[in-house]
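Okay, structure first, notes after.
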Amino acid sequence: MATAAPGVRLACGRVVRQWERIWHHALPVPTICFPCGDNGAHCSHSSDPRPHINGMDERLLDTMRSAMQQELEHARGDKAPAATAPEKGWEDYHGWLRAIVKHHAASPLLLRGAVQRWPCVDPTHPKTWQGHERWLQLQDRDVALEAGVYTDSGFSMKSARLKDFVSYVIESEQQSAQFPASSPSPLAASDDAPLYLAQQDVDSLFPELCEDFRLPLHLDPTSLTQKLIWIGPSSVVTPLHRDPSHNLFCQVRGTKRIVLVDASRREPRLLPSLDPRRRNTSTLDLTAPTREIEEQSPGFCELPRFSTIVCPGDVLFIPRDMWHFVEGVDAEFVVSLSFMFDYTGPSRFRR
């Protein structure tokens, strides 16, 4: 008879087993589901966006539903109808996003299917990013790539041609799906760390792609601080870190797992980097089994945390200064857009 794998006992009494990963025992991210277009029968997302979340009242949810409908109509290319006067306290449709920031200062919020009608997300649109054609049509240029995880000792930056990088991510997708690669990429090497086109300004790097999406959720352009794109194979990882601005993280292609930790900037159990350039990054490797993480930083697993999987069309609101870890899952190469923005108000995590 096999014996249970030894574990680490937390102060709360729970035993962490060897097979556990950091997303086990995490809280689900509060979620609101957008209606799934004209017919949601073939969609896995719920069409009911009405649950009360973190104390949001019915007035806020009604305002959000109206904004959701406008978002879908605008994404379809329909002329948006004139907005009806919001109820007292909501001066315009930017107000509901501000309300999300207010009500979710201490937690993330997943808006399932919020940008499902973007051309880049819609698999039926001529400018979809879901296949390979749009990427293969891009004009060649130089791109800067991260080789490996930037907290690792072997991390480096690499310059490459875009056409070679596109071939690389397509080949990685085919290999993950156990299909033979159509044509080997010059960047491919079995012993190399994954290459990641990470946190690049999408407007300057890919101006021709900017017609394929819009600012999500009626985001006020004047509050936008950065518009970033992330492209890589499904094996990419972004270590636990925090951002100085709120983040509307939009998943466009492939799927990612995101783990978010409810902790202050100075929480010692996060083992923040001592490098002055990376004070916003933890030195913990969250890809390791939870038991190993707990042995490295006792008490870390007792910190409240959230976990979710984001799919194409999903938007995850990540509050400013909230620690989060990101990794690709499944076989498809992954593409994400981050819309960083600032609204006035104190950060829940700046303590």
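The values are calculated or read from the model by the stated rules, or taken from the named source; none is laboratory data. Keep in mind that this is a model prediction, so the values were computed, not measured. Quick reminder, even Gly has a Cβ in these numbers, built from the backbone with ideal geometry, and neighbours come from all protein chains shown.
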| task | List every residue pair whose Cβ atoms lie under 9 Å apart, where the two residues are 6 or more positions apart in sequence or sit on different chains, the first residue falls within the range 14-35 and is more than 18 Å from Thr287 (Cα to Cα), and the second residue, located anywhere, is assigned to a strand (DSSP E or B) and modelled with pLDDT under 85. | result | Val15/Val8; Val15/Arg9
| query | Among the candidates Thr287, Thr308, which residue alone is outside any loop (DSSP other than H, G, I, E, B), over 15 Å from Leu271 (Cα atoms), in contact (Cβ under 8 Å) with a residue 40 or more places away in the chain and not small (Gly, Ala, Ser)? | reply | Thr308
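When the residues of the range 106-121 are narrowed to those that are of a type outside the set (Lys, Arg) and more than 13 Å from Arg214 (Cα to Cα), which ends up farthest from the chain's Cα centre (by Cα)?
Just the residues of the range 106-121 that are of a type outside the set (Lys, Arg), to begin with: 106-111, 113-116, 118-121.
Narrowing the set further to residues that are more than 13 Å from Arg214 (Cα to Cα) leaves 106-111, 113.
Values: Ala106: 17, Ser107: 14, Pro108: 11, Leu109: 11, Leu110: 10, Leu111: 11, Gly113: 13 Å.
Checking each candidate, the answer is Ala106.
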| Which residues, counting only those in the range 199-246, are farther than 23 Å from Thr151 by Cα and of a type in the set (Phe, Trp, Tyr)? | Phe206, Phe213
| Can you name every residue in the range 130-156 that is in a helix (DSSP H, G or I), surrounded by 13 or more Cβ atoms within 10 Å (Cβ to Cβ) and in contact with a helix residue (DSSP H, G or I) (Cβ under 7 Å, 6 or more places away or on another chain)? | Trp135
| field | Within the range 201-231, tally of residues that are among the aliphatic types (A, V, I, L, M), in a strand (DSSP E or B) and surrounded by fewer than 17 Cβ atoms within 10 Å (Cβ to Cβ) | value | 1
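May I ask you to list the residues in the range 232-261 that are among the β-branched types (Val, Ile, Thr) and part of a strand (DSSP E or B)?
Once the filter is applied, which keeps residues that are among the β-branched types (Val, Ile, Thr) and part of a strand (DSSP E or B), the range 232-261 yields Val237, Thr238, Val252, Thr255, Ile258, Val259, Val261.
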| query | Given the residues Arg257, Arg278, which is the only one that is modelled with pLDDT of 90 or more, closer than 27 Å to Ser235 by Cβ and either charged (D, E, K, R) or surrounded by fewer than 15 Cβ atoms within 10 Å (Cβ to Cβ) (or both)? | reply | Arg257
